[in-house]
Each structure stands twice: as C-alpha cells, then as structure tokens.
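Just so it is clear, none of the values below were taken in a lab; they were calculated from the coordinates. Just so you know, these numbers come straight off a predicted model, no measurement behind them. We place every Cβ from the backbone using ideal geometry, glycine too, and count neighbours over all the protein chains shown.
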Ligand code: GFB
C-alpha cells in the first residue's frame, strides 16, 4: 500500500519558501490534486490555537512541515533567540496539532546543521547527538533537534507514521537574496552580479573560503522528499539499519561538495565577472564541512538530476531577470 494515496488531502506548511514551493510543484506534478496551503497572513503557524482551528476545518490527512525561520550564518548569529523560539513554537503547533487532529502521515524537514560540528564525514543519520554543535547555528539546530525528537516520540508512543528528513544546504530560483538573511549562494550571486554590473574591482567573500559545503537544488530536494514520503513508512524505516539504531530521520544530499572559494569562483565565471575575490577572515567560517551520508536515500533509488553548475546558472539567470524586471518597473 502506498504511503500517500491520490485521495489524501495534503497540507504543505511553508509553501512559499524555497523548498516548500518546490515541494508544492513536485506534488502537483505527481498528480496529487488535493493540496491545502495557507499564506502567513492567513495562518500564523506559531499560534497553536489558530493551527488547531485550521486542522479542524481543513482536515488534512498528510502534512509536510517545510515552514521554518531560516537564514544564513550571519542571521543565525545575530538572531539566535528568534531562530530558537519561532521554530520551536511553529514545530510544536504544527506537529503536535497534527497528532491531536489525527493526521495520518507527517514529514518534518530539518537541516544538516543538526549534526555535531566535528562529526566524521560523510555524516550518517547515527551521528546525531554524538558531539557538540557548531556555535554559529546552535539555536536553530537545537530547535530542529527538538522537532526531530517530537516526531520520533510521537511515532514510538502512538505508532504514528511520522518521519523527519534532513536536507543539506539548498539553493535555487526563489531563494532569499536579502544581504542580511541569505545563505552563501544567493549572497554571493547578489554581490557578484552587482560587482559586474557596477564594474567594481573586487567582491568580498565571507570567511577563509576553506569551509566545504554540499549543495542540493531545491527541485531535487523536493523529489527526494516526495520519494521518501511515498515509499518509506515508519515500519520500513524501523526495519532499516538507521531505524534499528533508534533513529527516525533520513539524510537528503547530493554528494556535490565544494569549498566556498571554489563555488565563489564558479559563480564569478558564470556571471562573467573578472574582478578579484577578497576573502574576509573577520567573518565567521562556521562548520568546516557538512557532507551527508545518503546511503539510505540512495537505497530508495534517488539520484539528484541537477548538477551544481547547471543549478547555479539557472539561479543566476532567474536572479538577473528578476533584477531587470524590478528596474523596468521603477523606470515606468
Ligand atoms: O550558507 P551559509 O550562511 O550557511 O554559509 P552555513 C556557508 C559558508 O559560506 C560560511 C561562507 O563559511 C560563510 O562564511 N560565505 C561566504 C557566506 N560568503 C558568504 C555570503 O555572502 N553569505 C553567507 N551567508 N555566507 C547555515 C546555518 O550554515 O546553513 C543554518 O546557519 C542552516 O542554520 C543552513 O542550517 C543550511 O552552511 O554555514
């Protein structure tokens, strides 16, 4: 029996975010037509009473929790309190609310920063809670770990078919390009495109350029999440090596690992920017390396389709078109 049925009513929490929007598109493209979404202005997911009312009215049978307060390394460092508080509130409302409303199947999205800073690479699901976290995103990581534990204990205590997935660093069109909030790829694309257009002689890259990151396109991530949701129920997971070790989450990565210096050079090349890249060691490097072990996911047959260079080209094109449209509007 499939884990999601064509007749299921699916709630995608966070359908306007980078991964939530990709997930929404992926579900529609696979023929799921009964999909419920709510904008932030319609439903504050941190408000447990409002979420409970929503569940009672909309009666979803499957929930994807893709909503979260997220941001790059600087945003995490500057606003740890909000990252901890808002994510805990949101997770508690949406996951506990689903349990109380009798939602049959739930998939919660975490992040690869839940693993210890110095975990052995690639990081298997079993590396969770084996060492200290990276300080720059400890607040966010602890919130996500609490969400994972809530999903796991609901599964153990009540037998719910609830699982968590741990995506690596994601990117793609529709990402957040805000200079204070963004992750590395949109941050660098924004500054390198501006430097090219304004003929600046150099672009600052945060940190030493030495940290390594694994990047996955949001569309590939959405495919992986739906593959997991369709094919892996709590029972199958429990029978896997990860499940037997007492874990209920699955890594989602690409294996596409590069240093920040390499990816900055790649973006400069794609943009056609010939100026200097200046590394600024006064900015934090964060975790030295974050490569996921995706043996379990690969066992489901998942392979990423979008190579990093192609995904970057597509994201840069999307961003430049958006800039051009904005300036055309301003000229009117
Ligand atoms: O993407 P990023 O902010 O997230 O930074 P993390 C990755 C690396 O890129 C760090 C460097 O070493 C940054 O110093 N970097 C270079 C830049 N230039 C830039 C830039 O212009 N902007 C940004 N943002 N970084 C986040 C966590 O960690 O990863 C979150 O803080 C979340 O909690 C997310 O888990 C996936 O990979 O370091």
Quick one: Cα centre-to-centre distance for the stretch 130-199 and the stretch 14-47, in angstrom?
17 Å
Rounded to the nearest 500, the 222 nm mean residue ellipticity computed for the chain from DSSP H runs (n ≥ 4, each -39500 (n - 2.57)) alone is -13500 deg cm²/dmol
Restricting to the chain, compute how many DSSP beta bridges are antiparallel as a %, nearest 5.
10 percent
In Å, the Kirkwood hydrodynamic radius of the stretch 150-296 over pairs of distinct alpha carbons?
17.4 Å
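Would you work out if the stretch 1-154 is rounded, prolate or oblate? Take a ≥ b ≥ c from the square roots of the eigenvalues of the alpha-carbon gyration tensor; rounded if a/c is under 1.5, else prolate when a/b is larger than b/c, oblate otherwise. Don't jump to the answer; show the numbers that get you there.
On the way: a/c = 1.85, a/b = 1.55, b/c = 1.20.
Because a/c hits 1.5 or more and a/b exceeds b/c, the stretch 1-154 counts as prolate.
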Would you mind checking the radius of gyration and Dmax of the stretch 206-285 based on alpha-carbon positions, in Å?
18.5, 54
With a 10 Å cut-off between alpha carbons and a GNM built on the chain, which of 115, 55, 140 moves the most?
55
Ranking request for peptides 84-90, 281-287, 322-328, 70-76: highest mean number of other beta-carbon atoms within 10 Å first, then the rest in descending order.
70-76, 84-90, 281-287, 322-328
Quick one: order 158, 108 by neighbouring beta-carbon count within 10 Å, fewest to most.
158, 108
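Under the 0.36 nm per residue contour assumption, what length would be gained going from the current alpha-carbon distance of residue 58 and residue 9 to full extension? Working shown, then result.
Details: separation 49, 0.36 × 49 = 17.64 nm, distance 0.86 nm.
Length gained between residue 58 and residue 9: 16.8 nm.
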So for the pair residue 146, residue 44, with labels modelled 7 Å out along Cα→Cβ, what separation do we get in nm?
1.7 nm
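Restricting to Cα pairs below 8 Å that are 6+ residues apart, what does the relative contact order work out to for the chain? Please round to a whole percent. Intermediate results must be reported in sequence, preceding the final value.
Details: 613 pairs, mean separation 66.3, N = 332.
Here the relative contact order equals 20 percent.
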Return the Rg/Rh value of the chain, two decimal places, where both radii are evaluated on C-alpha atoms and Rh is the Kirkwood radius.
0.97
Just report the Cα centroid separation between the stretch 229-268 and the stretch 71-123, whole Å.
15 Å
